[in-house]
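Encoded as C-alpha cells, the structure appears first; notes follow it.
The values are calculated or read from the model by the stated rules, or taken from the named source; none is laboratory data. If you're wondering where the values come from, they're calculated on a predicted model, not measured in any experiment. Virtual Cβ from ideal backbone geometry, glycine too; neighbours counted across all protein chains shown.
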2 protein chains.
Amino acid sequence: MEIADLATRVAAGDRRALARAITLVESGRADHRAQALDLIAQLAVSGAEALRIGLSGTPGVGKSTFIESFGLMLTGAGLRVAVLAVDPSSARTGGSILGDKTRMEHLSRDPQAFIRPSPAQSHLGGVARRTREAIALCEAAGYDVILIETVGVGQSETVVAEMSDLFVLLLAPAGGDELQGVKRGIMEIADLIVVNKADGDLRDTARRTCADYAGALRLLRKRPEDPEDFPKAMMASALDRTGLDTVWQEVQALAAWRRSHGHFARRRAEQARHWFEEEVRQGLLARLREEPAARDRMQELGDAVAQGTAAPGPAAREVLSWLRQG
Amino acid sequence: MEIADLATRVAAGDRRALARAITLVESGRADHRAQALDLIAQLAVSGAEALRIGLSGTPGVGKSTFIESFGLMLTGAGLRVAVLAVDPSSARTGGSILGDKTRMEHLSRDPQAFIRPSPAQSHLGGVARRTREAIALCEAAGYDVILIETVGVGQSETVVAEMSDLFVLLLAPAGGDELQGVKRGIMEIADLIVVNKADGDLRDTARRTCADYAGALRLLRKRPEDPEDFPKAMMASALDRTGLDTVWQEVQALAAWRRSHGHFARRRAEQARHWFEEEVRQGLLARLREEPAARDRMQELGDAVAQGTAAPGPAAREVLSWLRQG
C-alpha cells in the first residue's frame, strides 16, 4: 500500500490501517523506517489531540481490570479509547509482562477501543520511540483518550510520564508490611493515586491505604502550576466498577485547569522538543555505527577503554577529533 | 600548575592535589575540560584499582552516620577511603541534599579519608560524568575503597550502580505502614540490603524488617553470576557501630567471588565501554550546539516541533540529512 493511502485510512479511523501503521513504526528495517517517517509527517498536520493518560502500577494491583473497566466506561460515554503499553522487558526482569490482549477481554472486542501490546524491543529507548510514534498515530486516527500503561520497573514510569499529559498511579490496598514498591520519585510524577480493589474485605484496608498516601502526598512539595488539592489520592474498585467516574472527573478537571492556564500546551511543547532532540542524538550515533571507518575506530577505542588501557573521556575526545577531520 | 605536575601529585596521594583535580573535572570551561582530559589520560595508566561501593538510602535512614562509622572502621584497619556523592538535585526535589561535609565530622578530619560533595550540576548526566572521573582520580591517588553515595530519587541509583563494583542499599527499620520507598528496580540492583538503626527500641523492628526483605529477596530472580546466598539482607547499627564488620566481610566476600570468576573485570570493562560511548554521544551533541548553522537549524526545527507543526521523527531526519550534506 502507498503511504499516502495508509495515511488517509488511518486518518479516517480505520483500526486495521492503524495497526498496520504501528507495525511500520515498530519495524527495524531502514526502508520501513523511511516510510514510517513519511507517514508520521503526513499525519502530523491533522491537529487532532487526544488526552494522553500515563498509568502505572506494580504487578498484582489489578491494572488490566482497571483499564478494562475504565476503558469500557469511556467507550460507553461515546469516547474512543486507545491502550498502549510500555514494557521495559530488560534482560533481568525477563521479557514481556504486558501486551496480552486477552487480559482485557471485553475492551479488546469493543469497536470504540484499540489495544496495542508493547513492541518487542531490547531496550527502553526503542520501546519509548515506538510508543511515542504510536501515540501520534492514535491521535491522528481520532482517538479521544490514550492510556499508556507501564509496569513499575526501572525507569519506565519516567519515560511514560514524558509522553503523557497526566499520570495515574494505581496502588493495591496494603496492610502493614507488604512491599508496595512505591518510590518517592514515582509519587512525585503521579497526578492521581488510585487505590484499586476497594471492594469486599479489602475496603477498610483500601481506606487506610488511601489515607496514608493522601498524607504522604501532603508531605511532598506542591506544584505551583496545579490546583492546590493535586496530586490527589482516591479509591476505586475496577471489579465493582465504583469510583471510576470520580477518577475520570478528576482527570478531566486537572486537564481542564492545565489547559486554561497554558500548562497543558507548554508541557506538550517541551515533550515534543525533548523527543526531537533525542531523535537527533540517536541518529548521530546510528550514523557512527553505519560508516565502516568510524565504526572501526569506535570499536578499537572501545576495546582499549574496556581493557583499561585508555580512559573513556580521552578516548571519546580522540574519536570526536578524528570525526571532525574526516 | 602544569597538568603533568598535578598528575604526579595526585598519583603521590596528595589530598589537596586530588581536590584540585576534581575541581578541574567539574569545571564547565572548555580549556579546563581539555586539561581535565589530559590529566585523566596521564593518570589512566596507573593501574591502581579501588573497590567501588555504591550506596543508597532514602533520607532518614542514617546514611551519613553509616558512612562515617563504616569509613572510620575501614581507615582504622589501615585502608584509605574516598566518599563521593551523586545528587540528582532536580528542579523538582529542590537542590542539593547531600554534599554536606559536616555530616561526617570525624571521617572528614581523618587523614586516611577524602570526602567530596556532589558537584552542582543541573542534570544527572553532568553529575554522573564528573563522579565517574572523580572515581578515576581517587583510584589513581591510591584510595582502597571508594564509597559512592546517592539518595534514592529518580534514576540516580541506576547511575551509581553503573559506576560501582557492588551496590549496598540502606534501609531503616519500618513498622507497618511507613513508606520505605523501595522499588523493585532498586531491590534488583542491590547486592546487600543493610537495615540500619538496629539499636535500642528499634532492634526488634529492624529484625522483622530484615526478615521481610530477606523474604522479598528470595522472591527475586537469582543472578547466575553470584553465589547462591546473594543478594543478602543484614542488620547493622551505625550508631552503636555493630554489624559493620559483617557488612564489610560480605562486601569483600562478594568482590572476591566476582574477581575469581571473572565477573568483576567483565563488569568494569562493560561500564568503561558504556561510558566511552556516552561521552562520544554527548560530544556529538555538543558539536551540534557549537556550530552556529547547525544550532540555528536545530532551533528552528525544534520550535516547529514544539508548536506542533512538525513531528519529532521527521524533523530529526531533516536535521540529520542536512548535516550529512553540510
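Which one of B:207, B:203, B:268 is of a type outside the set (A, V, I, L, M) and under 30 Å from residue A:307 (Cα atoms)? Let's see the steps before the verdict.
On the way: B:207 fails: under 30 Å from residue A:307 (Cα atoms); B:203 fails: under 30 Å from residue A:307 (Cα atoms).
That would be B:268, the only listed residue that is of a type outside the set (A, V, I, L, M) and under 30 Å from residue A:307 (Cα atoms).
Please enumerate the residues belonging to region A:208-253 that are away from chain B (no Cβ under 12 Å), in a loop (DSSP other than H, G, I, E, B), surrounded by fewer than 19 Cβ atoms within 10 Å (Cβ to Cβ) and in contact with a Lys or Arg (Cβ under 9 Å, 6 or more places away or on another chain).
A:226, A:228, A:239
If you check residue B:269 against the conditions, is it at the interface with chain A (Cβ under 7 Å from one of its Cβ atoms) and part of a helix (DSSP H, G or I)?
yes
Report yes if some residue within region B:36-53 is without any contact (Cβ under 8 Å) to a residue 60 or more places away in the chain, part of a helix (DSSP H, G or I), charged (D, E, K, R) and within 9 Å of another protein chain (Cβ to nearest Cβ); otherwise report no.
Checked against the condition, which is being without any contact (Cβ under 8 Å) to a residue 60 or more places away in the chain, part of a helix (DSSP H, G or I), charged (D, E, K, R) and within 9 Å of another protein chain (Cβ to nearest Cβ), region B:36-53 yields at least one hit.
Taking the condition part of a helix (DSSP H, G or I) and under 15 Å from residue A:143 (Cβ atoms), does residue A:79 pass?
When the stated conditions are applied, residue A:79 does not pass them.
Within region A:309-326, work out how many residues are more than 7 Å from chain B (Cβ to nearest Cβ) and not charged (D, E, K, R).
Residues that pass the stated criteria total 6.
Given the criteria surrounded by 13 or more Cβ atoms within 10 Å (Cβ to Cβ), in contact (Cβ under 8 Å) with a residue 60 or more places away in the chain, within 12 Å of another protein chain (Cβ to nearest Cβ) and touching a helix residue (DSSP H, G or I) at 6+ places or on another chain (Cβ under 8 Å), does residue B:282 qualify?
Against the criterion (surrounded by 13 or more Cβ atoms within 10 Å (Cβ to Cβ), in contact (Cβ under 8 Å) with a residue 60 or more places away in the chain, within 12 Å of another protein chain (Cβ to nearest Cβ) and touching a helix residue (DSSP H, G or I) at 6+ places or on another chain (Cβ under 8 Å)), residue B:282 qualifies.
If you go through region A:219-231 one residue at a time, do you hit one that is assigned by TED's automatic domain parsing to the domain that holds residue A:144 and either in contact with a strand residue (DSSP E or B) (Cβ under 6 Å, 6 or more places away or on another chain) or at pLDDT 95 or above (or both)? Steps first, answer last, please.
So in region A:219-231, the residues assigned by TED's automatic domain parsing to the domain that holds residue A:144 come out as A:219-231.
Remaining after also requiring either in contact with a strand residue (DSSP E or B) (Cβ under 6 Å, 6 or more places away or on another chain) or at pLDDT 95 or above (or both): none.
No, there is no match, as no residue in region A:219-231 is assigned by TED's automatic domain parsing to the domain that holds residue A:144 and either in contact with a strand residue (DSSP E or B) (Cβ under 6 Å, 6 or more places away or on another chain) or at pLDDT 95 or above (or both).
To keep it simple, each residue is scored yes or no on (1) surrounded by 15 or more Cβ atoms within 10 Å (Cβ to Cβ); (2) more than 25 Å from residue B:149 (Cα to Cα); (3) outside the structural domain of residue B:131 (by TED's automatic domain parsing).
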| residue | (1), (2), (3) |
| --- | --- |
| B:16 | no, no, yes |
| B:31 | no, yes, yes |
| B:36 | yes, no, yes |
| B:42 | yes, yes, yes |
| B:53 | yes, no, no |
| B:56 | yes, no, no |
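Checking residue A:1 against (1) in a helix (DSSP H, G or I); (2) out of contact with any Gly (no Cβ under 6 Å at 6 or more places or on another chain); (3) not assigned by TED's automatic domain parsing to the domain that holds residue A:139; (4) not charged (D, E, K, R), only one condition comes out false. Which one?
(1)
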